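Each value in this text was obtained by applying a stated rule to the coordinates, not by laboratory testing. Predicted, not measured: the structure shown is a model, and the values here were computed from it. Every residue, glycine among them, receives a Cβ derived from its backbone with ideal geometry; neighbour counts consider all protein chains shown.
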Amino acid sequence: MLHTGSPEVIVDDLVRTPAAVADAERWTAHNYHPLPVVISEAEGAWVTDVDGKRYLDCLAGYSALNFGHRHPSLIAAAHAQLDRLTLTSRAFIHDQFATFCRGLAELCGKDMVLPMNTGAEAVETAIKVARKWGYQVKGVPANAATIVVADGNFHGRTTTIVSFSTDPSARDDYGPYTPGFKIVPYGDLEAMDAAIDDTTVAVLIEPIQGEQGVIVPPPGYLQGIRDLCTARGTLFIADEIQSGLGRTGRTFACDHEGVVPDMYVLGKALGGGIVPVSAVAADASVLGVLSPGSHGSTFGGNPLACAVGTEVVRLLGTGEYQRRSAELGARLHTDLSALIGHGLIAVRGRGLWAGIDIDPSLMSGREACERLAEHGVLAKDTHGSTLRLAPPLVIEPAELDWAVERLAAIL
């Protein structure tokens, strides 16, 4: 049954949202500008705010909620583990660790994985591993390693990562910046070829740039990177934190070109929307450069994370969610494309992931998100008049149609 966003419901004769928003503004640093929606419950593709209004979640935690809110088997795995063991640190081995690591390694077709917590930690891990590999295996002179990245990238917000960001809001006033990165235009193989030299230890790329507005590269781009890295003796690192684990209709976005990177960087959906879980997956010839004490995390690969992550891997192993994303994604992109010239000027994406550009003469992206929220749909703007849509892969066809109808209504 399709449950649409209902008019605001008064609970105990008091509208609670304004006070909750004001409290959040008063007591937290303003590093985000959230919509004035205060969520208290959720299930599947739907969330409910503190006043009882329901919204269709078309952001899904930036793909962290690929399996929807409170997926029954993920909740069951978490509950079962909570009753047994939640943390040991990596000073010891727990009984969920090898199961998770093996399952994820096999899903990725790699020899081994290194579990961490957040996506940014996984990217930092990949950078460190690539540099160490460059010095120990490739023979790059000490402290001379470089990594080629793309303009418009978003890989996280640590000091090192923002050092090669081209987004002023993420980068400005955080210097001095970490050296060792070369930035080339996204989608430009000639520029990338020119940037790679004997000091290059890796190319770090998003197969689809999410934060930039779901930018899909030209056909053959990923294969071109693979060929360049192989020919020039450098690692290909694919940041699949948002694009991976079913979001684009395949297990990984790289699969659309049949490309296998040297390292997968994973996160978000790997934790099932329950706990932060991230990982780097690679062969022993790459991850094998790490030695005890050279990198670590107290919470990385903890029992609760591994129990949930193992169930995520099992769900992906069925292929159901990849199929849903591909089939419903085709439906979504067809319906969105019909709105081009009727308020939209461009639509991009793959699977259940879309970047849509609203005619800026109509409204900003922020205004569009506020209007959609009034109509019971949650989405997120980026870069002016661009919206990102990334509903949970459990969304029903009728719900997806309803969301597009709400978008058409505000346009």
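Jot down the radius of gyration and Dmax of the stretch 72-317, Cα atoms only, both in angstrom.
Spelled out, the Cα radius of gyration and Dmax of the stretch 72-317 are 17.6, 55 Å.
How much net charge surrounds A77 when only the other residues with a Cβ under 10 Å from the Cβ of A77 are counted, with Lys and Arg +1 and Asp and Glu -1?
0
With +1 assigned to the C-beta of every Lys and Arg and -1 to the C-beta of every Asp and Glu, and no other charges, what is the dipole magnitude of the chain about the Cα centre in debye, to the nearest 20?
Result for the chain is approximately 960 debye, rounded to the nearest 20.
For the chain, build the charge dipole from Cβ charges (+1 Lys, Arg; -1 Asp, Glu) around the Cα centre, then report which of A105, G273, A338 sits farthest towards its positive end.
So the residue we want is A105.
Would you calculate the volume per residue, in Å³, of the smallest convex hull containing every Cα atom of the chain?
Taking the convex hull of the Cα positions in the chain, it is 153 Å³ per residue.
Highest first, please rank the peptides 378-385, 150-157, 167-174 by the mean number of other Cβ atoms sitting within 10 Å of their residues.
Order by mean packing, descending: 150-157, 378-385, 167-174.
How much net charge surrounds E211 when only the other residues with a Cβ under 9 Å from the Cβ of E211 are counted, with Lys and Arg +1 and Asp and Glu -1?
Residues close to E211 contribute a combined charge of -1.
Counting pairs of Cα atoms in the stretch 187-238, how many percent are more than 14 Å apart?
Of all Cα-Cα pairs in the stretch 187-238, 50 percent lie more than 14 Å apart.
Rounded to a whole number of µm²/s, how large is the Stokes-Einstein D of the stretch 179-282 at 10 °C and 1.306 mPa s, given Rh as the Kirkwood radius over C-alpha pairs?
For the chosen part, D equals 112 µm²/s.
According to the Cα gyration tensor, what semi-axes, each the square root of 5 times an eigenvalue, does the equivalent ellipsoid of the stretch 19-155 have, listed from largest to smallest in whole Å?
Whole-Å semi-axes of the equivalent ellipsoid: 36, 24, 15.
Can you give the Rg to Rh ratio for the stretch 329-402, taking only C-alpha atoms and Rh from Kirkwood?
0.93
Using Cα pairs under 8 angstrom and six or more residues apart, how large is the relative contact order of the stretch 72-317, in percent?
Relative contact order for the stretch 72-317 comes out at 32 percent.
Quick one: length gained pulling T88 to S361 fully straight, 0.36 nm per residue minus the C-alpha distance?
92.8 nm
For the chain, what relative contact order do you get, as a whole percent, if you take Cα pairs closer than 8 Å and at least 6 residues apart?
With pairs under 8 Å counted, the relative contact order is 23 percent.
Which ³J(HN,Hα) values, rounded to whole Hz and listed in residue order, are derived for the stretch 149-166 from phi using the Karplus coefficients 6.51, -1.76 and 1.60 in 6.51 cos²θ - 1.76 cosθ + 1.60 with θ = phi - 60°, glycine and proline given as x?
Per residue, the Karplus-derived 3J(HN,Hα) values read 10, 10, 4, x, 5, 9, 10, x, 9, 6, 4, 5, 5, 5, 5, 10, 7, 10 Hz.
Using only Cα atoms, find the angle between the long axis of helix 303-317 and the longest principal axis of the chain, and express it within 0 to 90 degrees, rounded to the nearest 10.
Orientation of helix 303-317: about 80 degrees from the principal axis.
As I understand it, the value is the acute angle between the Cα axis of helix 397-410 and the longest principal axis of the Cα atoms of the chain; what does it come to in degrees, rounded to 10?
Here the helix axis deviates by roughly 70 degrees.
How far is the Cα center of the stretch 212-233 from the Cα center of the stretch 332-411, in Å?
First find each Cα centre; the distance between them is then 28 Å.
Of all the Cα-Cα pairs you can form in the stretch 252-399, what percent are over 17 Å apart?
Value for the stretch 252-399: 72 percent of Cα pairs lie more than 17 Å apart.
Which one of G351, L189, G61 is farthest out on the positive end of the charge dipole of the chain, using unit charges on Cβ (Lys, Arg +1; Asp, Glu -1) and the Cα centre as origin?
L189
So what does log10 I(q)/I(0) come out to for the stretch 123-173 at q = 0.18, 0.20 Å⁻¹, using the Debye formula with one equal point on every Cα and no solvent?
Summing over Cα pairs of the stretch 123-173 leads to -0.62, -0.73.
Return the distance in nm (one decimal) between the two label points of a simple spin-label model at T166 and E190, each offset 7 Å from Cα along Cα→Cβ.
1.6 nm
For helix 17-27, what angle does its Cα long axis make with the longest principal axis of the chain, in degrees from 0 to 90 and rounded to 10?
40 degrees
List the residues, sorted by chain then number, that are 5 or more residues from W46 or on another chain and whose placed amide H is less than 5 Å from its amide H.
D57, H69
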